[in-house]
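Below is one structure; the comments refer to it alone.
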Amino acid sequence: MRRSDSITKSHAFRLILGLVGIAIIGYVDRRLSEAIPLALLYLAPVVLMSTALRRWQIPVLGVLCTVVVEFANGYPWTLRDGIARDSLYFFAYTAAGLYVSEVLSRRASEQSHLDALESEIEARRGAEEQLRLVVANSSIAIITSDENGTILQANDVAERMFSGDAPAGVARLEGSSLNVFIPSLARVQIHRQGWEHLRTMLQCQGLRATQDPFLADVWVSSYITTRGGRLTAMIIDASTEMRDREEANLEQVLVGSRLAVGALFHEIRNICAAIAVVQQNLRATYAPEEPSEDFEALRQLVTALERMASLELSLVRRQPAKLKIDTFLRELRIILTPSLRETGIALEWQIEPNLPEVWADQQSLLQVFLNLVRNAEKALAAVDNAKLAIHAAWVDGRVQVKLSDNGPGVSDPASLFRPFGGGPSASGLGLYLSRAMMLSFHGNLAYQPSASGATFVVEMIPVEVEV
């Protein structure tokens with residue numbers, strides 16, 4: 001505000017000073033003889049006042065100066081000489097004023113452009129500084145390379161990731177080639193047309209300075225700068241995640257195998273018990289005078305089979321952990337939705353809010369639901385307007401998740417959870433293993449009779465109940 005007032009006062013001062021100058025020059029010109037013309041002196045106040053006037057006001061100033069000069073110089077005015085002389089005065093004063101105004105306007109425009117450029121440069125410097133801080137303090141390894149695959153920049157996380165167990169400073173990323181640390185990324189053809197718009201993610205093998213390989217998840221972005229093409233990569237070491245995933249899968253396989261073997265041995269024990277009963281009945285019926293070696297051998301064989309089948313399903317009990325069932329069900333929906341959409345099955349999803357944490361094993365629980373949904377998909381394959389409903393609620397001190405479909409239903413519910421009872425098209429262990437998994441962390445899987453379709457109930461106990 002003060003600056004605006006100062007400019008206004010400066011303009012007014014220059015205008016007043018210019019008018020005073022015109023008046024003084026006119027007075028002096030009037031007093032002097034005609035032999036000493038002072039018309040050129042009026043250019044000085046014209047130039048001064050033009051710095052404070054707008055363009056359309058400068059011709060008015062030229063007219064004013066022309067009138068003053070014509071009045072003060074004392075030359076006789078005739079139509080021929082006066083018009084020519086006054087036209088010369090007017091064009092001279094107006095041209096001088098417009099020239100000064102244009103020079104000042106361009107200078108102001110250049111200064112404004114310079115100020116804007118400086119502000120933009122300062123803003124870019126601030127943004128670059130913020131970007132450098134973000135990169136330097138990021139928990140993700142970030143590297144930048146040029147068109148030749150030479151690493152130009154790398155943050156501390158990247159240095160530590162690729163150094164591995166090597167002493168600090170032995171291997172520096174900056175100045176090294178991508179081919180040494182991430183060969184797959186180095187093979188990106190950055191000179192091809194459209195490379196500057198590369199935006200992708202890949203999973204590849206990385207090499208540490210000690211030549212130890214690791215699995216890397218890499219997000220790649222390329223762009224063009226004044227110094228050439230650049231490629232920036234954000235890298236995460238996915239080795240631990242892959243190991244944990246594979247270990248979890250292996251544990252699932254082992255648990256399923258033990259359950260299957262347990263189910264098989266359970267059936268063998270039942271058969272052995274039946275053979276033993278038949279053997280005792282035969283001995284009682286025929287009552288040989290001397291013990292038969294065949295009967296004794298049969299009894300020993302049955303006993304050996306019973307010992308072999310002594311494995312119990314309790315051996316596969318897993319230590320349950322606390323599980324946020326709300327989060328689990330959201331992840332389950334993400335997994336199920338694409339598959340159900342592809343098979344044309346409508347999904348009805350209804351989850352009661354604020355469900356408590358439960359005792360469960362996430363991987364096992366996921367296997368249970370996937371098995372139930374897979375069975376539902378098979379049952380709904382030939383059904384028009386197929387629908388699967390999943391409802392979760394708090395019922396009688398337990399969390400219950402119901403899966404209901406509008407398929408043909410179950411013809412023999414009594415044999416659902418028996419091992420090897422699934423028919424010729426199935427292994428007969430899916431529901432049996434699923435129930436065993438639920439029982440292993442004190443939950444349950446049950447079939448609920450319904451008017452149409454099939455309904456299965458998965459029960460889990462809350463963490464407030466000690467197990």
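The values are calculated or read from the model by the stated rules, or taken from the named source; none is laboratory data. Treat the numbers as computed from the prediction; the structure is a model and nothing was measured. Cβ coordinates were reconstructed from backbone atoms using ideal geometry, including for glycine residues, and neighbour counts include every protein chain displayed.
Structure notes:
- Where N444 falls short, out of the listed (1) surrounded by 16 or more Cβ atoms within 10 Å (Cβ to Cβ); (2) under 39 Å from the mean Cα position of the chain (by Cα); (3) modelled with pLDDT of 90 or more: (1)
- Residue under evaluation A284, criteria (1) surrounded by 15 or more Cβ atoms within 10 Å (Cβ to Cβ); (2) at pLDDT 65 or above; (3) over 30 Å from W349 (Cα atoms), criterion not met: (1)
- Long-range neighbours under 7 Å by Cβ, at least six apart or interchain, first residue assigned by TED's automatic domain parsing to the domain that holds E342 and over 23 Å from L445 (Cα atoms) within segment 380-392, second of a type in the set (K, R) and surrounded by fewer than 20 Cβ atoms within 10 Å (Cβ to Cβ): none
Quick grid of which residues meet (1) surrounded by 13 or more Cβ atoms within 10 Å (Cβ to Cβ); (2) polar (S, T, N, Q); (3) closer than 24 Å to V157 by Cβ:
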{"site": "V68", "(1), (2), (3)": "yes, no, no"}
{"site": "R80", "(1), (2), (3)": "no, no, no"}
{"site": "G97", "(1), (2), (3)": "yes, no, no"}
{"site": "L104", "(1), (2), (3)": "yes, no, no"}
{"site": "R107", "(1), (2), (3)": "no, no, no"}
{"site": "Q130", "(1), (2), (3)": "no, yes, yes"}
{"site": "V135", "(1), (2), (3)": "yes, no, yes"}
{"site": "T144", "(1), (2), (3)": "yes, yes, yes"}
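- Set side by side, the residues I275, I325 differ, and just one is touching a helix residue (DSSP H, G or I) at 6+ places or on another chain (Cβ under 7 Å) and at pLDDT 75 or above, which is I275.
- Screening V60 with (1) surrounded by fewer than 18 Cβ atoms within 10 Å (Cβ to Cβ); (2) not in a helix (DSSP H, G or I) gives one miss only, at (2).
- Tally, over segment 382-393, of residues that are surrounded by fewer than 18 Cβ atoms within 10 Å (Cβ to Cβ), within 36 Å of the chain's Cα centre (by Cα) and more than 21 Å from S434 (Cα to Cα): 2
- Some residue of segment 75-93 being touching a Lys or Arg at 6+ places or on another chain (Cβ under 8 Å) and modelled with pLDDT of 80 or more: no
- With respect to being more than 60 Å from the chain's Cα centre (by Cα) and surrounded by fewer than 17 Cβ atoms within 10 Å (Cβ to Cβ), I16 fits the description.
- Candidate set from segment 24-57 (those that are closer than 27 Å to A108 by Cα and among the basic types (K, R)); member that is surrounded by the fewest Cβ atoms within 10 Å (Cβ to Cβ): R54
- When the residues of segment 454-467 are filtered to those that are free of Cβ contacts under 8 Å to residues at least 60 places away in the same chain and surrounded by 14 or more Cβ atoms within 10 Å (Cβ to Cβ), the one that is farthest from D405 (Cα to Cα) is V457.
- Those residues of segment 63-73 which are in a loop (DSSP other than H, G, I, E, B) and either in contact with a Lys or Arg (Cβ under 7 Å, 6 or more places away or on another chain) or not assigned by TED's automatic domain parsing to the domain that holds L40 (or both), in sequence order: none
- Filter pass, P356 being modelled with pLDDT of 90 or more and farther than 28 Å from V410 by Cβ: yes
- Filtered by the rule that a residue be surrounded by 13 or more Cβ atoms within 10 Å (Cβ to Cβ) and of a type outside the set (A, V, I, L, M, F, W, C), segment 394-412 gives R398, Q400, K402, S404, D405, N406, G407, P408, G409.
- Single residue of R31, R55 found to be charged (D, E, K, R), in the same structural domain as A92 (by TED's automatic domain parsing) and more than 60 Å from the chain's Cα centre (by Cα): R31
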